[in-house]
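The values are calculated or read from the model by the stated rules, or taken from the named source; none is laboratory data. All values reported here derive from a predicted model rather than from experimental measurement. Here the Cβ positions follow ideal geometry from the backbone for every residue, glycine too, while neighbour counts run over all protein chains shown. The area values use the complete protein model at the heavy-atom level, side chains included, leaving out ligands, DNA and RNA. Shrake-Rupley method; radii C 1.70, N 1.55, O 1.52, S 1.80 Å.
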Amino acid sequence: MLSNTFFFVLSIFLLWFGADWIVESASKIAKKYKVSDLVIGLTIVAFGTSAPEFLVTATAAFKGLSDISLSNVVGSNIFNLGFILGLMALIKPLPTNRSLAMRDAPLLLFTTALILGLAHFDMLDRSAGIMLLAILGGYIAYLLVHSKRAANAMAGIVPEVEEDGTELSKKDWLKLLAGFIGIALGGEFMVDSASEIARHFGVSNWVIGMTIVAAGTSLPELVTCLAASLKGRNEMLLGNLIGSDFFNFAGVLGLTCLLRPLEVSPAALPGLTVLVGMVALVLLFIRTGWKVSRWEGAVLVCLSLGRWWFDFAS
C-alpha cells in the first residue's frame with residue numbers, strides 16, 4: 001500500500017512537470033521555425049496540457065481498465081469546469097465573450113451530449129473515435145480558415161506562450177524528450193497504483209478515476225490558470241478550460257476509442273449526465289452579465305465537491 005501511494009504521488013509530479021516541459025520547449029521550437037501562435041496554441045499547448053489525460057486514458061484502455069479510461073476524462077472535465085473554473089471565479093470574476101457563448105461552449109455541450117448518447121448505447125468504438133476526431137479536425141479547420149477572427153477567440157481557448165528571447169538549444173530538444181518520457185511513465189504509474197489503491201480500499205476503479213486520477217491529470221490546467229490569474233490575464237481562463245474540456249473529449253477520448261474501443265459500464269452514465277448539466281450551467285453563467293461572477297463560481301465549486309462526495313459515499 002505504501003509503495004502504491006508513493007508511485008501515485010510520483011506519477012502526479014511526472015505528469016505535471018512532463019506537460020510543463022512539453023509546452024515550454026515545444027513552443028520555443030515552434031517559434032524558432034516561425035509557426036504561428038494560433039497553431040502553437042491549438043496543437044502544442046493544447047496537447048501539452050491534455051497529454052496527461054491522454055496517457056492515462058490510453059494506458060488504462062490497453063490494460064483493459066475501461067472504467068478508468070472514461071472516468072478520467074469525465075472526471076477531468078468536471079474538475080476543470082467545476083473546481084478550477086469556480087475557484088478562479090471566486091478569486092476574480094471572469095469576463096466572457098460572444099465567441100465563447102455562441103460557438104465554443106455550445107460545441108462543448110453538443111460533444112458532451114454526444115458522448116453521453118454513445119455511452120448509453122455502449123458505442124464508444126472505433127467509429128465513435130473517428131467521429132470525435134472529425135469534429136475536432138473540423139473545428140480546428142474552421143479556426144484556421146477564419147484565422148483573423150480566431151486569433152481573438154484563441155486568447156480565451158488556450159494560453160499564449162510568450163517568447164522569452166532566449167535562443168533555441170539542444171537543451172530544449174532534450175526537455176521535450178524528457179517531457180514525453182515523464183508523461184509516459186506518469187501515465188503508467190498512475191493507472192497501476194490507482195487500481196491497486198482502489199482494490200485495497202474496496203473502491204471501484206470508476207470512483208478512483210473520477211476523483212483522484214482526474215484531479216492529478218488536471219494539474220497542468222490548474223497551474224496554467226493560477227499563473228494566468230496571478231498575471232492578471234483572467235479574460236483567457238474561461239475559454240482555456242472550455243477548450244481543454246473539448247480537446248479531452250474530441251481529441252483524447254476520440255483517439256483512445258480509435259486505438260482501443262472502450263467498454264462502458266453503467267457507472268459511467270450518471271457522471272456523464274452530471275457533466276452535461278454542468279456544461280449547460282456554465283453556458284448559462286457565460287450569458288448572464290457576460291461574466292462568471294463569484295457566486296456563480298461558488299456554485300460550481302460546491303457542485304464539483306458534491307459530486308466527489310457522492311462518488312466516495314456510494
(message) It is to be established whether one or more residues within region 89-98 are open to solvent by less than 10 Å² (accessible area, probe 1.4 Å), farther than 18 Å from Leu258 by Cα and either in contact (Cβ under 8 Å) with a residue 24 or more places away in the chain or not polar (S, T, N, Q) (or both).
(response) yes
(request) Would you list the helices (runs of 4 or more DSSP H) that sit entirely within region 103-183 and hold 2 or more residues that are modelled with pLDDT under 95 and touching a Phe, Trp or Tyr at 6+ places or on another chain (Cβ under 7 Å)? (result) 105-120
(request) Taking only region 194-217 into account, find how many residues are open to solvent by less than 10 Å² (accessible area, probe 1.4 Å) and not in a helix (DSSP H, G or I). (result) 0
(request) Tell me the helices (runs of 4 or more DSSP H) entirely within region 12-102 that contain at least 2 residues that are out of contact with any Leu (no Cβ under 9 Å at 6 or more places or on another chain), of a type outside the set (Asp, Glu) and at pLDDT below 85. (result) 46-62, 66-78
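Residue-wise test of (1) open to solvent by 50 Å² or more (accessible area, probe 1.4 Å); (2) modelled with pLDDT of 90 or more; (3) out of contact with any His (no Cβ under 7 Å at 6 or more places or on another chain); (4) among the polar types (S, T, N, Q).
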position	(1), (2), (3), (4)
Pro220	no, no, yes, no
Thr224	no, no, yes, yes
Leu230	yes, no, yes, no
Gly239	no, no, yes, no
Phe249	no, yes, yes, no
Leu259	yes, no, yes, no
Pro266	yes, no, yes, no
Pro270	yes, no, yes, no
Cys302	yes, yes, yes, no
(request) Give the residue, chosen from Asn205, Asn234, that is at pLDDT below 85 and within 18 Å of Leu300 (Cβ to Cβ). (result) Asn234
